[in-house]
Every structure is written in C-alpha cells, then in structure tokens.
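The values are calculated or read from the model by the stated rules, or taken from the named source; none is laboratory data. Source: prediction; values computed, not measured. Ideal geometry is used to build each Cβ from the backbone, glycine not excepted, and the neighbour counts take in all protein chains shown.
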Amino acid sequence: APLSVYAADMLPGQRLPPEEVALFSQVHAAGGAVMAYNIYGPGNSWLLSEHVQREAAKLQVDPIILLLKWCEQRGYAALVPSLSWEPPEPRDSAPPHGAS
C-alpha cells in the first residue's frame, strides 16, 4: 500500500540526513504528507531560546506561530502536543432572576 503520512521528529535548525530528505520528497510526490512532531524541542527548549524569542518579537508573533509557519513553509503538517483545558468556573450559582 502507498505511504500516505510520514512522521518525523524535527525542529528548525536540525540537519536531516539526506536519506530522510529524499524520503520526504518521495512522500510529497506520491501525494502523501510529512508530519513534524516534537517541534517545540526537548523541554520546549526551542520555544524558550533567546534567538526564537527575539525573532518572534521582531515579527510581533507568538513563538509558536513562528514555529508553525516554519512547518507550513516547508510543507510539513505540525503535530503539536495537546493543550490542557479546564472548563470555566461557573459565574454565578444563583438561580436566574424570577426563578424560585
């Protein structure tokens, strides 16, 4: 069966082996997608680096947007970690006006 998605651990500035670059080209040529994961770097080190913070500030964007645009520019789909979410606190527990 043809390969439709290839996922690789990568982040900006990382040198990929020529074999992997060739594989990315083959996947794209076959209509598949290359997915980048672990893109924030170990312990979010890429996002927290001084260089990234400076470039993001210069462009007036969040560092995560800078990273996602890097993926987009290279034709990669970004697989990002899940976001934690907690439901909002109830605003008021009193019954609506007029209710008993």
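Any idea how many residues of the range 28-54 are crowded, with 16+ Cβ neighbours inside 10 Å and more than 20 Å from the chain's Cα centre (by Cα)?
0
Tell me yes or no: at least one residue of the range 15-31 is touching a Pro at 6+ places or on another chain (Cβ under 9 Å) and either in contact (Cβ under 8 Å) with a residue 12 or more places away in the chain or within 16 Å of residue 81 (Cα to Cα) (or both).
Taking the range 15-31 first, the residues touching a Pro at 6+ places or on another chain (Cβ under 9 Å) are 30-31.
Filter once more, keeping what is either in contact (Cβ under 8 Å) with a residue 12 or more places away in the chain or within 16 Å of residue 81 (Cα to Cα) (or both): 30-31.
So far as the range 15-31 goes, yes, one or more of its residues are touching a Pro at 6+ places or on another chain (Cβ under 9 Å) and either in contact (Cβ under 8 Å) with a residue 12 or more places away in the chain or within 16 Å of residue 81 (Cα to Cα) (or both).
Residue by residue through the range 1-48, note down the ones that are within 25 Å of residue 63 (Cα to Cα), among the hydrophobic types (A, V, I, L, M, F, W, C) and at pLDDT below 85.
Listed by number, the residues that qualify are 11, 47.
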